[in-house]
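Peer 1: Handing you this structure, nothing more for now.
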Amino acid sequence: MSSSVKDFGVVGGGIGGCSAAVMLSKSYDTVLFEKEPYLGGCASTFKKDGAFYNSGATTFAGYDKGNILYDFFESHKIEFKKKKLDLALCVVMGEKKIYRYQDFDRFLDSINTVFYHKKNLEFWQLVYEINREFYSINDYYYSQKDIYRYLSSILSFKSVLFKFYRYIQGSAQDFIDSFFSGIDKEYLDFLDNQCMIVAQARTKDINFLTAALALGYHFQSNYYVYGGMGSIFKSMKKQISEVKTNTFIDKIERADNGFMIHSADKSYSSKNLVLNSSIFDSINMFEDKQIEDYLKKYQRYDEGISAYTLYIRLNTSHKLLHHYQLIEKDIFPYSISNSIFVSLGDNEDEKMDKSITISIHTKSSFWQDSYEEKKQILQDNILRVLKERLNIDNSMIKDIYSASPYTFKRYINRASLGGIPVKKENLFFRLPSNETPIKGLYLVGDTSFAAQGWMGVMMGVNNLGKLL
């Protein structure tokens, strides 16, 4: 057993866990536990056969002065080499290309070229303004510690609810269809696939506030991170009191002074516990009935949504953009999407040059039988689209690897990826809070308030900071 009692033990070194550990280390004796030898979780960078790849998350958006993400990195002196991208994403739909520029006028020209509509200016101005106004509000908090804290936190959302109430009711698809007085099916497919990137749901399943925040992410500052996303976590590690990698936590018990955190060969004592592990998988670490009952309440939100990811190493410096979304007419086999997200290393990035990470939404249940056969079929379909749309041929490809939900379960201990889909029935006060009713137990990450990605997870860490 560890001789010292920590103020906070943080389990899981993903975006939420590392950010929470950095924040807590300023005022508390904190230890972070991570199963793998490197930090980052779904947003890590790994090495295989001499080449480096981003494991999943490849975008760093929302780093704007005054936003939570920017302020956090600045206040904690987290520095890494990055390059601002004027173009967040190129969307390819057959022969059509939509360039998602941060600059509003350039983007509007692009969308009008492909999907002209007389109300495009009004629609995208609305999306832009909702994003600008939403991220300027930071007077709310969310807690489930007790009924008083819960009700008072609901009241704290009065600014958000007052400003955006008309966009919270009903489905985004109905709002959009009414706004345009009928929308072209292909245009709606474009919007649906943009929402899938951020919210993991289509416009029929989310309200327009959620859709607007998803559609407007490219109006935030987007950056390319040199050396892979793992470079961010190397910088964050320097600001954490203590980090224990290669440490798999398999059991956690409540104790008189807090929690006992058990790995295979050692136990650690902590007054407080922060879980960055998926709320769907965390339940397996506990035998305490109160904790089990609390975590079980949210198992209904586990839709088994995950990712199939393809990693490719090129043997030539093929000049391409950093990010593409390739949208096809039909759903890819063994997936729930008709689009793939493609991210490429920068030609000036010695570590990541020639590296490609491609991801698509799938479900864990799809991979329970005929595993290798399904992997090969989906890989072949992705490669076919990649070659057709980005002019990549077999002679350019040196290495190919793939990761299914089971691969992610093996390496980062979670098969469900991307958190809880941001659907109408999951919003605001139905999500797990960063502060739970169990004394000393806190949650961060994409399966707790507020959402996935750097901006969504950081909102949860910021919320945690308000509650301590």
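The values are calculated or read from the model by the stated rules, or taken from the named source; none is laboratory data. Source: prediction; values computed, not measured. Cβ placement follows ideal geometry from the backbone for every residue including glycine, while neighbour counts extend to all protein chains displayed. Side chains included, ligands, DNA and RNA excluded: accessible areas come from the protein's heavy atoms. Shrake-Rupley method; radii C 1.70, N 1.55, O 1.52, S 1.80 Å.
Peer 1: Carbon and sulfur: what percent of the chain's accessible surface (1.4 Å probe)?
Peer 2: 48 percent
Peer 1: Follow-up question, since we're still on this one. What FRET efficiency comes out for the pair K398/E372, r = Cβ-Cβ distance, R0 = 30 Å, nearest 0.05?
Peer 2: 0.85
Peer 1: Also, quick follow-up: Shape call for the range 156-239 from the C-alpha gyration tensor, a ≥ b ≥ c root eigenvalues: rounded (a/c under 1.5), prolate (a/b greater than b/c) or oblate?
Peer 2: Taking the square roots of the gyration eigenvalues as a ≥ b ≥ c, the range 156-239 is oblate.
Peer 1: Something else now. Counting alpha carbon pairs within less than 8 Å and at least 6 residues apart, what relative contact order, in whole percent, applies to the chain?
Peer 2: Details: 936 pairs, mean separation 109.8, N = 468.
It rounds to 23 percent for the chain.
Peer 1: May I pose another question? For the range 135-195, rounded, prolate or oblate, judged on the Cα gyration tensor with a ≥ b ≥ c (square roots of eigenvalues), a/c < 1.5 rounded, else prolate if a/b > b/c?
Peer 2: Because a/c hits 1.5 or more and a/b exceeds b/c, the range 135-195 counts as prolate.
Peer 1: Let me ask something else about it. Can you list residues whose amide H is under 5 Å from E435's amide H, if they're 5+ apart or on another chain and H is modeled 1.01 Å from N?
Peer 2: Distant-sequence amide H within range of E435: Q144, L443.
Peer 1: If I model a spin label at K163 and K97 as a point 7 Å from the Cα along the Cα→Cβ vector, what separation in nanometres do I get?
Peer 2: Label at K163, label at K97, 3.6 nm between them.
Peer 1: Can you work out D for the range 117-157 in µm² s⁻¹ from Stokes-Einstein, where Rh is the Kirkwood radius over C-alpha pairs, the temperature is 10 °C and the viscosity is 1.306 mPa s?
Peer 2: Estimated diffusion coefficient is 128 µm²/s.
Peer 1: If you don't mind, another one. So what is the relative contact order for the range 201-354, in percent, with contacts set as C-alpha pairs under 8 Å and at least six apart?
Peer 2: Relative contact order, the range 201-354: 16 percent.
Peer 1: Moving on. Report the label-to-label distance for N347 and D105 in nanometres (one decimal), using points 7 Å from each Cα along the Cα→Cβ vector.
Peer 2: A separation of 2.9 nm, rounded to one decimal place.
Peer 1: Which residues make up the longest stretch of the chain that has no chymotrypsin sites (Phe, Trp or Tyr not before Pro) in a DSSP loop with at most 14 other Cβ atoms within 10 Å?
Peer 2: For chymotrypsin sites (Phe, Trp or Tyr not before Pro) (loop position, at most 14 other Cβ atoms within 10 Å), the longest site-free span of the chain is 249-468.
Peer 1: Okay, next question. How about the range 33-88: which trypsin sites (Lys or Arg not before Pro) there are in a DSSP loop, with at most 10 other Cβ atoms within 10 Å of their Cβ?
Peer 2: K65, K77
Peer 1: Arrange the residues E36, E303 by how much accessible surface each exposes, largest first, with a 1.4 angstrom probe.
Peer 2: Correct descending sequence by accessible area is E303, E36.
Peer 1: Sticking with this structure for a sec: Could you give the size of the charge dipole of the chain about its Cα centre, using +1 on the Cβ of each K and R and -1 on the Cβ of each D and E, expressed in debye and rounded to the nearest 20?
Peer 2: Here the chain has a charge dipole of around 480 debye.
Peer 1: Ignoring everything except DSSP H segments at least 4 long, calculate the 222 nm mean residue ellipticity for the chain; use -39,500 (n - 2.57) per segment, divide by total residues, nearest 500. Walk me through the numbers on the way to the answer.
Peer 2: Numbers: 15 runs with 155 residues, N = 468.
Computed mean residue ellipticity for the chain: -10000 deg cm²/dmol.
Peer 1: Going by a ≥ b ≥ c, the root eigenvalues of the Cα gyration tensor, does the chain fall in the rounded group (a/c under 1.5), the prolate group (a/b larger than b/c) or the oblate group?
Peer 2: Values: a/c = 1.66, a/b = 1.25, b/c = 1.33.
It is oblate, given that a/c is not under 1.5 and a/b is not larger than b/c.
Peer 1: Return P(r) of the range 3-119 (all Cα-Cα pairs; 5 Å bins starting at 0; whole %; ordered from short to long distances).
Peer 2: Calculated over all Cα pairs of the range 3-119, the distribution is 2, 9, 13, 15, 15, 13, 11, 9, 6, 4, 2, 1, 0, 0 percent.
Peer 1: Ok, one more. Before anything else, pin down the relative contact order of the range 92-234: Cα pairs under 8 Å, at least 6 apart, normalised by residue count, whole percent.
Peer 2: 26 percent
Peer 1: Could you tell me which of the pairs K35/K83; K47/K354; K47/K83; K319/K387; K65/K351 are separated by over 24 angstrom between their Cα atoms in the structure shown?
Peer 2: On the way: K35/K83 30 Å; K47/K354 13 Å; K47/K83 22 Å; K319/K387 14 Å; K65/K351 28 Å.
From the list (K35/K83; K47/K354; K47/K83; K319/K387; K65/K351), the Cα-Cα distance tops 24 Å for K35/K83; K65/K351.
Peer 1: On to the next question. Near K439, which lysines are there with a Cα under 17 Å away, not counting those fewer than 8 places off in the same chain?
Peer 2: K6, K145, K271, K289, K466
Peer 1: Shifting gears a bit: Quick one: of the DSSP bridges fully inside the chain, what percent are antiparallel, nearest 5?
Peer 2: Beta bridges within the chain, antiparallel portion: roughly 70 percent.
Peer 1: Any chance you could check the Cα centroid distance between the range 413-468 and the range 78-137 for me, in angstrom?
Peer 2: Comparing the Cα centres of the range 413-468 and the range 78-137, I get a distance of 27 Å.
Peer 1: For R410, R254, R389, give the ranking by accessible area with the largest first, probe 1.4 Å.
Peer 2: Order by accessible area, largest first: R410, R254, R389.
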